[in-house]
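The values are calculated or read from the model by the stated rules, or taken from the named source; none is laboratory data. As the structure is a computational prediction, the values presented were derived from the model and not from experiment. For neighbour counting, all protein chains shown are included, and Cβ atoms are generated from backbone atoms with ideal geometry for every residue, glycine included.
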Number of protein chains: 2
Amino acid sequence: MIQFSVSHQDAACQARTGRLATSHGTVDTPVFMPVGTLGPVKGITPDELHSCGFGLMLSNSYHLYLRPGHQLIAELGGLHRFTGWSGAILTDSGGFQIVSLSDLRHITDEGVTFKSHLDGSMHELTPERCMEIQMALGSDIMMVLDECPTHPCTTEQARDAVRRSTQWARLCKQAAQGSGQALFGIVQGGLDADLRRMAAHDLVEMGFDGYALGGLSLGEDKLAMMAMIETTIPELPEDHPRYLMGVGLPEDLVEGVVRGIDMFDCVIPSRHGRTGWLFTSTGRVMIKNAQYARDESPIDHQCTCPVCERYSRAYLRHLFVSNEMLGVRLNTIHNLWYYHQLMKQLHEAIQEDRLLAYREQFYATREISPRSAAYVEKVGAGLTGQNGNSRKEQAL
Amino acid sequence: MIQFSVSHQDAACQARTGRLATSHGTVDTPVFMPVGTLGPVKGITPDELHSCGFGLMLSNSYHLYLRPGHQLIAELGGLHRFTGWSGAILTDSGGFQIVSLSDLRHITDEGVTFKSHLDGSMHELTPERCMEIQMALGSDIMMVLDECPTHPCTTEQARDAVRRSTQWARLCKQAAQGSGQALFGIVQGGLDADLRRMAAHDLVEMGFDGYALGGLSLGEDKLAMMAMIETTIPELPEDHPRYLMGVGLPEDLVEGVVRGIDMFDCVIPSRHGRTGWLFTSTGRVMIKNAQYARDESPIDHQCTCPVCERYSRAYLRHLFVSNEMLGVRLNTIHNLWYYHQLMKQLHEAIQEDRLLAYREQFYATREISPRSAAYVEKVGAGLTGQNGNSRKEQAL
């Protein structure tokens, strides 16, 4: 099981720091979880993930269920032993991957029937089956099966998904009893504030080890996402971790933390690493660009990661344009390092009651995307006047 | 420059141990050089290469000349600095890659005109240009430009290639003067013993820092390759390193060392790693095979590499069949480790005058390919009777 405690509440906003203790180590919150789709974060060893600072990662139940199979992993001692990762693991329910990857799926009150994206075989995921899979994997934190409607959806669809998700959450909780693994509920509700509040209320009444916000960052306006966070957070108990699923870019993490989120996961640092999008303290570096061909400087002068310590932009560009696997690996390590450092900085800022000042500085020193700029303009009071000129427009 | 000294001559065969000192460290011989086609060995960092035991690697001039360009690398401080590899580097001439990769090439006495396999642009490689490129890269050991005829070739073609290669070697030597980099000559001559002897004689008369045997392992019978080694070695000075280019499988290294070879390079450990062919003390493991799906043992119980210490065959198989990049990386590290350990064992066996006994044991404990078995039957006197039954036939 897990233990969570809030260590400090920022004086000026909803942000807080905390400690999340699992049987595979304790991590500070706010925490970012890198995603190991097939076991490892693509191309990265457990040692590298640890040395970037991570103690908690996310693994995808859907992928591991299909291949190599949860039973096989259980036979071989569970996911920690199978992958060699000694830190903590949160497994998702698989529901989101079914929606994203399977071109044939059918949802009833009993569960989801879907076609494997690998071999076309048919499978059924019920709340009980979902728990069985995650218990076989032996993760530290399991997620309930939920229905995550696509964006945009009608209020009717959102209401239906909430009803079903609440029902499934109850069945998951029953099925998980005695597993010794923590279980988080997931608040759905699309962009409907009333539905979100109702979903949160019902889940809290059932009682979970933590509460996630699902169905966000699916293409909706960022302001709408922030509004849903602001709507939901007051409904959740202060002494439990709050997890914003599948989010996001650095500015999303900053804004989520300001609003009281404790946990995040996203493929962005690793996926963007593979496409040569590198995060820095002043914005992004697209390493394939010709301007870096002769650039001897590191990706980011302020970064102390093993990649910035040793390699030039010129070399990383050469590896990237040559399609050399090492380039992808080094890019990923840099991005993971950046994400962990960002969380560390947010943690320190909260402890010192200066998160809003940190946020101001964060935007002042970097170029951000126009979409992000929009919500900063609206929600980051007093920031835009000072920094409007330094923010070049960038396509996401 | 380099310094080479023989430290021990095996009492029962041509094998010897030695020390090869470069301005980027000293390595024991016999030595195997992993190949860093585009800079790094595919997917592997300099630290990992060092920790496998390697102090000398090979880089491909052809690839680096085309991309990112030798001038750019020179501007950025040379290949060592560009790639972060602090050990020694041997660069090839590029001639072999032109033959293998360019579908349009034209060879005259002046040099080779060829079409880039990347963008179709036309380039000319002369002996002088070949030296200019390798000097810009700043390798520790350069190779002369040679003409490597395809296999099979006529005696006329082989003779022509030797004539041209000898002429180019002379021009390369002149062009390399004052570079401070070592230069090796390359003995060609196809499968014609007289041509090989003549080529070796002429190169030795010119005087190089080391001598390579080129144009072998191109598909010819392994016995024929061994015969060419046996023919050439007596023509080469004992106090200079002898390098068998582009070779090979573990059994090729054993047989080459027995015949007096000091240096080898080959893409096999890394390339085979990428295809899931893993080397072990008892033969090969094809990791994709279903028999490993639930196999908790390491690749090789006798191996002390970081992969065997930590990961099961079952996990490596999962990574491989899932196309997960980490699998390729771990496979490559294991294979590199195996190759370096093999060279260490050969070194020890020579020092203790028991190389032929080591070779006997080597074959007794593993399955080898029928092609290799053929030359073992012929050249490894007394071995076949004992081990004929333990050698299952394997396709190469």
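Which residues, counting only those in segment A:157-192, are surrounded by 18 or more Cβ atoms within 10 Å (Cβ to Cβ), over 21 Å from residue A:1 (Cβ atoms) and of a type outside the set (Lys, Arg)? Steps first, please.
First pass over segment A:157-192, keeping only residues surrounded by 18 or more Cβ atoms within 10 Å (Cβ to Cβ): A:158-159, A:161-162, A:164-166, A:168-169, A:171-173, A:175-176, A:181-192.
Going one step further and asking which of them are over 21 Å from residue A:1 (Cβ atoms), we end up with A:158-159, A:161-162, A:164-166, A:168, A:187-192.
A:158, A:161, A:162, A:165, A:166, A:168, A:187, A:188, A:189, A:190, A:191, A:192, listed by residue number.
Of the numbered criteria (1) touching a Leu at 6+ places or on another chain (Cβ under 7 Å); (2) crowded, with 23+ Cβ neighbours inside 10 Å; (3) not β-branched (Val, Ile, Thr), the one residue B:62 fails is (1).
Search segment B:319-344 for residues being hydroxyl-bearing (Ser, Thr, Tyr) and within 25 Å of residue A:270 (Cβ to Cβ), and hand back the single one that is farthest from the other protein chains (Cβ to nearest Cβ). It would help to see each step written out before you state the result.
Taking segment B:319-344 and keeping what is hydroxyl-bearing (Ser, Thr, Tyr), we get B:322, B:332, B:338-339.
Then drop every residue that is not within 25 Å of residue A:270 (Cβ to Cβ), which leaves B:322, B:332.
On the way: B:322: 5, B:332: 9 Å.
That would be B:332.
Would you please list the contacts, defined by Cβ atoms under 8 Å and residues six or more apart or on different chains, that run from a residue in segment A:297-310 that is over 18 Å from residue A:283 (Cβ atoms) to a residue that is in a loop (DSSP other than H, G, I, E, B) and modelled with pLDDT of 95 or more? These pairs meet every condition: A:309/A:298; A:310/B:84.
Looking at B:283, B:214 in this structure, which one is touching a residue at least 12 places away in the same chain (Cβ under 8 Å) and on the phi > 0 side of the Ramachandran plot?
Answer to the selection: B:283.
A residue that is crowded, with 22+ Cβ neighbours inside 10 Å and among the basic types (Lys, Arg) occurs somewhere in segment A:235-252. Looking only at residues in segment A:23-53 that are out of contact with any Gly (no Cβ under 6 Å at 6 or more places or on another chain) and closer than 18 Å to residue A:4 by Cβ, the one that is nearest to the other protein chains (Cβ to nearest Cβ) is A:33.
The single residue among B:161, B:176 that is over 20 Å from the mean Cα position of the chain (by Cα) and either within 16 Å of residue B:109 (Cβ to Cβ) or hydroxyl-bearing (Ser, Thr, Tyr) (or both) turns out to be B:161. When A:147, A:128 are screened for being in contact (Cβ under 8 Å) with a residue 40 or more places away in the chain, farther than 28 Å from residue A:224 by Cα and in the same structural domain as residue A:225 (by TED's automatic domain parsing), only A:128 passes.
Yes/no per residue for (1) at the interface with chain A (Cβ under 10 Å from one of its Cβ atoms); (2) surrounded by fewer than 17 Cβ atoms within 10 Å (Cβ to Cβ):
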site	(1), (2)
B:308	no, no
B:314	yes, no
B:346	no, no
B:354	no, yes
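Of all residues being facing chain B (nearest Cβ under 10 Å) and within 21 Å of residue A:128 (Cβ to Cβ) in segment A:72-102, which is surrounded by the fewest Cβ atoms within 10 Å (Cβ to Cβ)? Just the residue, please. Ranking the qualifying residues of segment A:72-102, first place goes to A:75. Restricting attention to segment B:285-306 and to residues that are of a type outside the set (Phe, Trp, Tyr) and surrounded by 18 or more Cβ atoms within 10 Å (Cβ to Cβ), the residue that is nearest to the other protein chains (Cβ to nearest Cβ) turns out to be B:295.
Among the residues of segment B:150-190, those identified as in contact (Cβ under 8 Å) with a residue 60 or more places away in the chain and assigned to a loop (DSSP other than H, G, I, E, B) are B:150, B:151, B:152, B:180, B:181. For segment A:317-329, the candidate set comprises residues that are assigned to a helix (DSSP H, G or I) and touching a Leu at 6+ places or on another chain (Cβ under 6 Å); within that set, the residue that is farthest from residue B:325 (Cα to Cα) is A:319.
Taken over segment B:257-275, residues that are more than 28 Å from residue B:18 (Cα to Cα) and crowded, with 20+ Cβ neighbours inside 10 Å amount to 1. A residue that is of a type in the set (A, V, I, L, M, F, W, C), more than 30 Å from residue B:210 (Cα to Cα) and away from chain A (no Cβ under 14 Å) occurs nowhere in segment B:246-257.
Based on this model, can you work out whether residue A:366 counts as of a type in the set (Lys, Arg), within 21 Å of the chain's Cα centre (by Cα) and away from every other protein chain (no Cβ under 14 Å)? Reasoning before the result, please.
Details: of a type in the set (Lys, Arg): yes; within 21 Å of the chain's Cα centre (by Cα): no; away from every other protein chain (no Cβ under 14 Å): yes.
Taking the combined requirement at face value, the residue does not satisfy it.
Taking the criterion of being acidic (Asp, Glu) and either buried (at least 22 other Cβ atoms within 10 Å of the Cβ) or outside the structural domain of residue B:34 (by TED's automatic domain parsing) (or both), would at least one residue in segment B:222-230 satisfy it? Spell out how you get there, then give the answer.
Our first condition is that a residue be acidic (Asp, Glu); within segment B:222-230, this holds for B:230.
Filter once more, so that each one left must be either buried (at least 22 other Cβ atoms within 10 Å of the Cβ) or outside the structural domain of residue B:34 (by TED's automatic domain parsing) (or both): none.
No, because not a single residue in segment B:222-230 is acidic (Asp, Glu) and either buried (at least 22 other Cβ atoms within 10 Å of the Cβ) or outside the structural domain of residue B:34 (by TED's automatic domain parsing) (or both).
Taking the conditions (1) in contact with a Phe, Trp or Tyr (Cβ under 8 Å, 6 or more places away or on another chain); (2) surrounded by fewer than 18 Cβ atoms within 10 Å (Cβ to Cβ); (3) not polar (S, T, N, Q) in turn, residue A:67 satisfies each one other than (1).
Looking across segment A:339-396, the residues that are over 29 Å from residue A:276 (Cβ atoms), of a type in the set (A, V, I, L, M, F, W, C) and modelled with pLDDT of 95 or more come down to A:349, A:350, A:355, A:356, A:357. Would you confirm whether or not segment B:109-124 contains a residue that is of a type in the set (A, V, I, L, M) and under 21 Å from the mean Cα position of the chain (by Cα)? For segment B:109-124, residues of a type in the set (A, V, I, L, M) and under 21 Å from the mean Cα position of the chain (by Cα): absent.
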